[in-house]
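This report refers to the structure that appears directly beneath it.
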Amino acid sequence: MSEQHSLFRALPSMNAVLEALIGPADGPPDKKGRGRGTLLCAALPRPLVRESVEDFLQQCRAAIAAGAVRDKEELALPVLLPRITAYVEEACRPHFRRVINATGVVIHTNLGRSPLAPEAIEAVTEAAGAYSNLEFNLATGARGSRYSHVENLIRRLTGAEAALAVNNNAAAVLLTLDSLCKGREVVVSRGELVEIGGSFRIPEVMEKSGCILKEVGATNRTHLKDYAAAIREGTAALMKVHSSNFRIIGFTSVPAREELSALAKRHTLPLIEDLGSGALIDFAAAGLHALAAEPAAAQVLAAGVDVVTFSGDKVLGGPQAGIIAGKAEYIERIKRNPLNRALRIDKLTLAALEATLRLYCDPALALRRIPALRMISEGAESIRPRARKLAALLKKTLAPFDCSLTLRPGASRTGGGAFPELDLPTWLVCLALRGQSPDSLRSALLRSTPPVVARIEDNELCFDPRTLDSSEYPLLAKALEQALHA
Ligand SMILES: *Cc1c(COP(=O)(O)O)cnc(C)c1O
């Protein structure tokens, strides 16, 4: 028997590996109905474990064939088992997972935008695992409306006559225009026809609704008379769009909402506004003057806008959703549109949205409990001690390494298209490893468990505590340790 042949034979069998990892196939299941293994793998679907064990064994065979294995001892099951376990757990873990956002961008579209308030999480959990009165009227025992759960709350918080919630704000814009303007012209300022990221262009969504865009004004300036001159027989509405992550500065002007509203009324047309982020708090009234640039939906409606649309998971800090609020005559037409069925909100979202909106009934409570609002409104003086605490923890992890860890003032961003020019003052924890660029450490952190997303500034890797909960500091330290040893 050749030496290589005996190495191949020494490789443990599939069954032996599976038994060690998750127990015998015909063994009694544990309390959760799974095979009785002691490892994490026991919780995984057996066919997935089998496939990744097969991959692992295949790699071993390739290593033997290439002459990379010399000794049978290297192939003994107890020797291989830790590597197999790590391999299987890595290969079988869910693709969609939690990450640590150390970027300081609060509403990070790529990282899932707003985390939910504890009240919203609880509501989702309850709605997810049981039946509910989603479309059932408990007072009459007859069919109910899924819109009934949040309409009164939205009315109360915005002053609107009527409201509904749909899948997201893009759907809200599409549905509003399809219901009120299909086949007719919508007058909109050239300076507001923006692309907001992910190749999502406002004019394209508007056109998909079947309305005809009538662009007026110049990119930097649009006057009331431009809107007035565009109104004719086939006009369906005037529209304002939040310019999102884009800002025109310098020689600019747009008419006030009150002026546009008066013009729309004279022609019995609706004035529609896509607010994008959709604040529900009057930030100036809450003493947050730096945030006053983002008007609350209630202020916009009070200024004479007939229908507003905004996102549920941007500054509002709730689940992905689109909210449409305004005059009853328009909202009724939107509710009756069959397209609504394709864009409707699901029950988990509805549960989270109602719980989030309830917090807004007391703005001080909303600012404390809704993570996105809390993070946006936190001052640098409160972030500084948190940065110190994080740095102290990371120092322990970094002790064996030649590096510098410093605190310095920096800027966080709101993200989500809100307050595009506004720097939120913060304190950054900045790490530089001597003789190493920060890029490789940044990449290694993305592969840690949990992955950490950090940003590079001035050739240092920076962690911004604004978007970190203190419960995440130990996770970040653990991920950093893994990354440093990778
Ligand atoms: C973000 C945004 C949208 C899209 O909202 P989604 O909830 O992501 O669908 C539409 N319009 C504006 C102005 C936005 O900022």
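The values are calculated or read from the model by the stated rules, or taken from the named source; none is laboratory data. On a predicted model such as this, the values are computed, not experimentally measured, just so you know. Because the Cβ atoms are built from the backbone with ideal geometry, glycine has one as well, and the counts that use them run over all protein chains shown. Remember, those area values only see protein heavy atoms, side chains included, never the ligands or the DNA or RNA. Shrake-Rupley method; radii C 1.70, N 1.55, O 1.52, S 1.80 Å.
Among the candidates Leu263, Leu269, Leu280, the residue that is under 30 Å from Leu359 (Cβ atoms) and open to solvent by less than 60 Å² (accessible area, probe 1.4 Å) is uniquely Leu280.
Please work out if Ala62 is part of a helix (DSSP H, G or I), modelled with pLDDT under 90 and either aromatic (Phe, Trp, Tyr) or over 34 Å from the mean Cα position of the chain (by Cα) (or both). It is false that Ala62 is part of a helix (DSSP H, G or I), modelled with pLDDT under 90 and either aromatic (Phe, Trp, Tyr) or over 34 Å from the mean Cα position of the chain (by Cα) (or both). Against the condition farther than 24 Å from Arg113 by Cα, in contact (Cβ under 8 Å) with a residue 40 or more places away in the chain and touching an Asp or Glu at 6+ places or on another chain (Cβ under 6 Å), how does Arg146 come out, does it pass? For Arg146, the condition - farther than 24 Å from Arg113 by Cα, in contact (Cβ under 8 Å) with a residue 40 or more places away in the chain and touching an Asp or Glu at 6+ places or on another chain (Cβ under 6 Å) - is met. All conditions in (1) within 16 Å of Ala237 (Cα to Cα); (2) open to solvent by 40 Å² or more (accessible area, probe 1.4 Å) hold for Arg201, with the sole exception of (1).
Provide a single number: the residues in the stretch 283-321 that are surrounded by fewer than 24 Cβ atoms within 10 Å (Cβ to Cβ) and polar (S, T, N, Q). So the count comes out to 2. The strands (runs of 3 or more DSSP E) found wholly in the stretch 365-482 and carrying at least 1 residues that are within 16 Å of the ligand (Cβ to nearest atom) and touching a residue at least 40 places away in the same chain (Cβ under 8 Å) occupy 403-415. Is it the case that some residue within the stretch 40-47 is modelled with pLDDT of 85 or more, under 29 Å from Ser6 (Cα atoms) and not in a helix (DSSP H, G or I)? No; the residues of the stretch 40-47 include none that is modelled with pLDDT of 85 or more, under 29 Å from Ser6 (Cα atoms) and not in a helix (DSSP H, G or I).
Looking only at the stretch 164-177, decide whether some residue is open to solvent by 50 Å² or more (accessible area, probe 1.4 Å) and either within 14 Å of the ligand (Cβ to nearest atom) or out of contact with any Phe, Trp or Tyr (no Cβ under 6 Å at 6 or more places or on another chain) (or both). Yes. Each residue in the stretch 120-170 was checked for being over 25 Å from the mean Cα position of the chain (by Cα) and assigned to a loop (DSSP other than H, G, I, E, B), and 16 of them qualify. Inspect all residues belonging to the stretch 325-346 and state whether any of them is crowded, with 19+ Cβ neighbours inside 10 Å and under 16 Å from Ile121 (Cβ atoms). No, because not a single residue in the stretch 325-346 is crowded, with 19+ Cβ neighbours inside 10 Å and under 16 Å from Ile121 (Cβ atoms).
Determine whether Leu177 is under 19 Å from Val300 (Cβ atoms), outside the structural domain of Pro420 (by TED's automatic domain parsing), modelled with pLDDT of 95 or more and in contact with a Ser or Thr (Cβ under 8 Å, 6 or more places away or on another chain). Answer is yes for this residue. Identification of helices (runs of 4 or more DSSP H) wholly contained in the stretch 225-339 with 2 or more residues that are assigned by TED's automatic domain parsing to the domain that holds Val124 and within 22 Å of Ile370 (Cβ to Cβ) yields 297-302.
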